[in-house]
Amino acid sequence: MLSRLFGAGAGARWRMALLGGCAALALAACTGDESPSINAKAMKALSPQTLALISDKGMSKDSPIVVRIYKEESELEVWKQTTSGDYALLKTYPICRWSGELGPKVKEGDRQAPEGFYTITPGQMNPNSSYYLSFDLGFPNAYDRAWGRTGSNLMVHGDCSSRGCYAMTDEQVQEIFALGRESFRGGQRAFQVQAYPFRMTADNLVRHRNNPNLAFWKMLKRGSDTFELTKQPPKVDYCSKRYVFDATPVDPGRRFDASLPCPEYTQPEGLAETLAARARQVDTQIASAGPLAPVAPVTTGKDGGMNKVFLAKLANPELSAPGSLPAVVKPPGSDYGVATNEPAPEDTIALAKADMVPVSADVPLPTPRPDDAPGAGTQVASSAEQPSFLSRLIPSSTAREAASSAVPQDAPAAGNAAPASAQVASLESGGGFLDSVRSLFSRSGENPDASATAAAPVTEAPTGETSSGFSFGRLFGGGSSEPAPSAAMPVDAPVPPERPAVPAQSSARPAAPARTAAVPTQAPRPAPAAPGQRPAATTTTSSAAPATPQQPRRMPVVPSPGQAAAQAYYETLSGSPATATAPASGSAAGPALRPSVAANGQEALYGTTPARTESGLPGASILSPGGFSSSVQ
């Protein structure tokens, strides 16, 4: 009936007017309150400056709009249809705050602001927002749902505070809200929001080539390129869990479904080829990017961003900004908010401007090792500085003093292992082949350190007892030139009895015994004396020889096994035991040899008869036949 009264054109205009009225009623109904303040915010007219800008760019107040958002640049653009039918940029609004990192929203509570293509209907406009005014992005869309992504109430709103949203100032969101409202009044059923991580240029994709979202962003670039090439908002569809733009199925009966494979489709002539050429250009630039090409960090640790004009206002509240800021604002990279009526701290502004905020790893430090822990002394010794090559060639007394000072004076008298201090001393000492050679030719009469001597309760050797100073450990290396402190002797170890002191020997060499003319041949050598017994001196045939004065006692000399065998062979040839000739008057008797085995090869050396035991060496009874004694008697 209306078409009959007013014609077809009048009916279309009437329907658009009814649609605009319904949108206004819907906006009023969303408030839930009839207070004039809420209606005043939602229904406030565009400013004369904005109306003049719209007119200057060949646009009308109620022409359709497209919103484009760029995270990294913190900018929101409003594009509007001109009288020619193409879309042109109307105005760019700096974003006061967005949260999260570059990349899509994945799940509820991740603080990510969405990225992708979303559709805003009149029902998503909220004049009763807690953040002045807002409109819902409609996340998740069909693409997000196909990937199982979750989230809700993701808005573009005011109050400069974000938890997964794009936050503007109140004055900015009021103007954006009014532009959307007027476009609905002009007949636009829904306007498109294109949310990008950054401006979709090839250089930006090369800079973010290491980001795991690169493939997703290349797909978004095809939609961005489609809008820039056609100057029209692209028709967005979903199939095979991806976006497709300006696509028409070849089979009219087929439909796009985000969870199903894409049907065969076509695109406007030349569009597919141009998009493919741009995609190849991006791939070529990424492949040719060298190691010196700038690379953006995958994560910044700043929890979003803020446009530089608002950062400047935080640093200097006297500067102007597009809208007023709330009393407290939390800048990117900070864990706390700052007052907007006074300059923000310099370090806060520096963190907000930085490309990346360092985040310390939450790794617990190891607890200090207790002083009484097992092996503490060994670790100290192993970490000590090792002696150099020159110090091994020319050993100094510093190492000896360090070794002796490392032994405590109150070392325990008994134990199964040397204390930690003794280990440190042994590790600090020298060693090696050069020290072994020096030890080989050194005299054993050198006194060891007093501290090392006191460390082990060894029975004191009698005066005059010496050792050869030879040791296999020193000869083949690894030993120290100084005696290392030894562990205390166990209490149950047998200790040999002390040996009696031996009188000092005369330094004068005895004269050779004289031979008498009465003996035509050489007198036979005396038989070997029993161990521990001094052989009796033979006398000459002359009875007038004066008595030999008593000479100092000499220690018998033990012959080598070769000497003993030669003596036995001599006795076999002579048929009688050899006896030594009597010494000359006034001369000392020559020392007799004590064989290590009996002359007849049948008698044992030590402890076989009581007579020999009584006259044997002190302590000889505790030695077994063929035993070994380390000292020379």
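We did not get these values from a lab; they are worked out from the coordinates using the rules stated. What you are looking at is a predicted structure, and each value in this text was computed from that prediction instead of being measured. Positions of Cβ are backbone-derived with ideal geometry, glycine not excepted, and every protein chain shown enters the neighbour counts.
Counting 0.36 nm for each residue step from residue 260 to residue 45 and taking away their Cα separation leaves a gain of 72.9 nm. Taking 14 Å as the cut-off, no amide N atom of the range 289-311 comes nearer than this to a point 7 Å along the Cα-to-beta-carbon line of residue 163.
Compared with the direct C-alpha span, the chain from residue 276 to residue 53 gains 76.6 nm at full extension, assuming 0.36 nm per residue. Between 137, 161, 150, the Cα set farthest toward the positive side of the dipole of the range 127-175 (charges on each charged residue's Cβ, about the Cα centre) is that of 150.
Put a dot 7 Å past the Cα of residue 235, heading toward its Cβ, do the same for residue 214, and the two dots end up 3.3 nm apart. Cα centroids of the range 286-311 and the range 126-150: 27 Å apart.
What's the extension gain from residue 250 to residue 289 if we count 0.36 nm per residue and subtract their Cα-Cα distance?
10.1 nm
Using 32 Å as the Cα-Cα cut-off, could you pick out the over-long pairs in 241/353; 218/353; 231/313; 41/313? Check vs 32 Å cut-off fails for 241/353; 231/313.
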